[in-house]
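The values are calculated or read from the model by the stated rules, or taken from the named source; none is laboratory data. Since this is a predicted model, take the numbers as computed values, not measurements. Using ideal geometry, Cβ is built from the backbone for each residue, glycine included, and neighbour counts are taken over all protein chains shown. Side chains are part of the model used for accessible areas, which takes the heavy atoms of the whole protein and leaves out ligands, DNA and RNA. Shrake-Rupley method; radii C 1.70, N 1.55, O 1.52, S 1.80 Å.
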Amino acid sequence: MSAYSVTEPSKASKWAAGLLVTLYTIITLLPLVWIISTSFKTGPDSISYPPKVFFDPTVEGYVNLFTTRTRPAVSELEALPPPDGLMEEIARRQGTIITGPSRFGERFMNSVIIGFGSTALSIFLGTLAAYAFSRFKVPLKDDLLFFILSTRMMPPIAVAIPIYLMYRELGLSDTHLGMILLYTAVNISLAVWLLKGFIDEIPREYEEAALIDGYTRFQAFRKVVLPQAATGIASTAIFCLIFAWNEYAFAVLLTSGNAQTAPPFIPTIIGVGGQDWPAVAAGATLFLLPVMIFTILLRKHLLRGITFGAVRK
């Protein structure tokens, strides 16, 4: 019998590993930090060369993001009464006046409705399908699982035109329901495969004991399997939400007004006289928050969701 000795990493190895992790973290976070800092710059500071690292912060970008403005003549601007509130004051400093709210809030809410709605539906259907594949004898199970996975392999552009024509005929184009169903169809393959792996790890004996105690199959599923699979459900929800939240190709093709989400709207933000980069950065910063908060709330489940199946009992 051969014996294997576990050696403690040397101090130099620990320092090297720590340095690499720190360097990778800095490189990864630098674009995020730059976007957030740009959202607090003025227009000239955002395009200055060399780029400004130290600047006087302002919320000008956020004011421009949530309002529409116009640039009147100097005489008209001077004849106006004093600004009413911080937003008006910031607009006056730029030589503009606020004419109304922008549509960013509406587009942001569309992202929330479509993103979280499709995620909830994907998890619901994916959990039921994964349980069926895991616990029952399904004819052609392997072929069906491969077919479900193959839908994830197709690039969106390959099916974009047929889906557009189909949605136009069914009246689902530019609707919340249409986008929720589409994102659910794309995410269902990921949900089924991930959740099947988690349910496979739950011993069948737990359900058999519940059935002997008088539980129905559905009661055993709800009271035994679901609590045990909570980690997998949470981590799968994160991955499904990230896709639905960031998806761009289908959103550009199938939405234009009522159901347009934030990703295709943010690049179209144009300020008075040119591209308003602080407003674009402000929109990107706010767009990051829901997914970031959702991921932080479920972070304890995420690591196991990524590494499931690596260690099995």
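Summary of values
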read-out: Residue pairs meeting the criteria (Cβ under 8 Å; at least 6 apart or on separate chains; first over 23 Å from E60 (Cβ atoms) and of a type outside the set (S, T, N, Q), in the range 13-40; second surrounded by 10 or more Cβ atoms within 10 Å (Cβ to Cβ) and modelled with pLDDT of 90 or more); value: none
read-out: Considering residues of the range 48-73 that are aliphatic (A, V, I, L, M) and touching a helix residue (DSSP H, G or I) at 6+ places or on another chain (Cβ under 6 Å) only, the residue surrounded by the fewest Cβ atoms within 10 Å (Cβ to Cβ); value: V63
read-out: Among residues of the range 244-265, those that are in a helix (DSSP H, G or I) and crowded, with 21+ Cβ neighbours inside 10 Å, counted; value: 7
read-out: Qualifying residue in the range 46-54 (condition: within 18 Å of I269 (Cβ to Cβ) and touching a Phe, Trp or Tyr at 6+ places or on another chain (Cβ under 9 Å)); value: yes
read-out: Whichever residue in the range 173-203 is in contact (Cβ under 8 Å) with a residue 24 or more places away in the chain and outside any helix (DSSP H, G or I) and, among such residues, is nearest to L144 (Cα to Cα); value: I202
read-out: Qualifying residues in the range 109-124 (those that are in contact with a helix residue (DSSP H, G or I) (Cβ under 6 Å, 6 or more places away or on another chain) and either surrounded by fewer than 21 Cβ atoms within 10 Å (Cβ to Cβ) or not assigned by TED's automatic domain parsing to the domain that holds I242 (or both)) - the one nearest to P44 (Cα to Cα); value: I113
read-out: Scan of the range 75-86 for residues that are open to solvent by 90 Å² or more (accessible area, probe 1.4 Å), of a type outside the set (D, E, K, R) and under 14 Å from V63 (Cβ atoms), ordered by number; value: L86
read-out: Residue within the range 286-295 that is modelled with pLDDT of 85 or more and open to solvent by less than 10 Å² (accessible area, probe 1.4 Å) present; value: no
read-out: Subset of the range 204-243 [charged (D, E, K, R) and not in a helix (DSSP H, G or I)]; value: D213
read-out: Per-region count, the range 136-172, residues within 22 Å of N110 (Cα to Cα), at pLDDT 80 or above and either outside any helix (DSSP H, G or I) or open to solvent by less than 60 Å² (accessible area, probe 1.4 Å) (or both); value: 5
